[in-house]
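For reference, the structure is listed below as structure tokens.
The values are calculated or read from the model by the stated rules, or taken from the named source; none is laboratory data. Not measured: the values here are computed from a predicted model. A quick note on method: Cβ atoms are made from the backbone with ideal geometry, for glycine too, and the neighbour counts reach across all protein chains shown. Note: areas computed on protein heavy atoms with side chains; ligands, DNA, RNA excluded. Shrake-Rupley method; radii C 1.70, N 1.55, O 1.52, S 1.80 Å.
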Amino acid sequence: MASSQYVIEAPEQPSLAVAGQDDRFPVRRIYCVGRNYVAHVREMGGNEERDPPIFFQKPADAIVGDNATVPYATITENFHHEMELVVALKSGGYNISEARALDHVYGYGVGLDMTRRDIQGDGKPWEIAKSFDQSCPCGPLSPVEKVGHISSGRISLTVNGETRQDSDIDLLIWKVPEIIATLSTYFELKAGDIILTGTPHGVGPVQPGDVLVGRIDGLEPLTVKIGPRPA
Ligand code: MN
């Protein structure tokens, strides 16, 4: 006998696979950092001043797993890939210090911040450009206890085997401890939160049928196929 019931069927808990085990990581919130590699800031027409990081969110159910087919997004003619390091939290809080920030990290993974580039614009909310359905493909997480903390290493993305993005995690303007510390001044971080840390240069369009493979040294790769636009 259940002590409480919902009046409609409860939504599914979004989650991510964990490398080497069956249990999954439940996703509470998806935070994203904008403009966090100098060469990407430049390609987007900005300058490389070390302004405070830009944060936005995607809904937790924007997650799609490894080997998924992501439909070409509606209402865009310029659907872009942004390859990013994903940080998954096992605990959180407000006003976390940089010195203690990594204590809250469960693990790391490879993710894509899929973007309707033609809808994104300065002075407009990024909701429709960034936070749409299936806009956050993520590969399996690798626990810190297995891979340690990720502060450098190659980050790359191929589309149909051709390298489109190729950089190093070491080039993050805001490093992972700074991201966690700053984000925790705005929001109470909690277990289950994931953070996409920003994309290096080389963002670009995808087309239906494209196969994207994202890699970060030491982590599980992510493979995604772009499907047709929904009817
Ligand atoms: Mn991004």
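Key figures
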{"item": "Burial ranking of peptide ranges 221-227, 9-15 (average Cβ count within 10 Å, highest at the top)", "result": "221-227, 9-15"}
{"item": "Inter-part distance where segment 79-104 and segment 11-57 are each reduced to a Cα centre, Å", "result": "8 Å"}
{"item": "Residue among Val144, Pro228, Tyr186 farthest towards the positive dipole end of the chain, charges placed on Cβ", "result": "Tyr186"}
{"item": "Calculated FRET value between Val7 and Glu162, using beta carbons and R₀ = 35 Å, to 0.05", "result": "0.10"}
{"item": "Set of lysines with alpha-carbon distance to Lys130 below 24 Å, sequence-local pairs under 8 removed", "result": "Lys58, Lys175, Lys190, Lys225"}
{"item": "Gyration tensor (alpha-carbon) shape descriptor, segment 167-225, a/c threshold 1.5", "result": "prolate"}
{"item": "Taking the chain and dividing mean pair separation by its residue count, relative contact order in percent (alpha carbons under 8 Å, at least six apart)", "result": "31 percent"}
{"item": "Amide N proximity, segment 192-221 versus Lys146 label position 7 Å along Cα-to-Cβ, cut-off under 15 Å", "result": "216-221"}
{"item": "Heavy-atom accessible surface of the chain: percent carbon and sulfur, 1.4 Å", "result": "49 percent"}
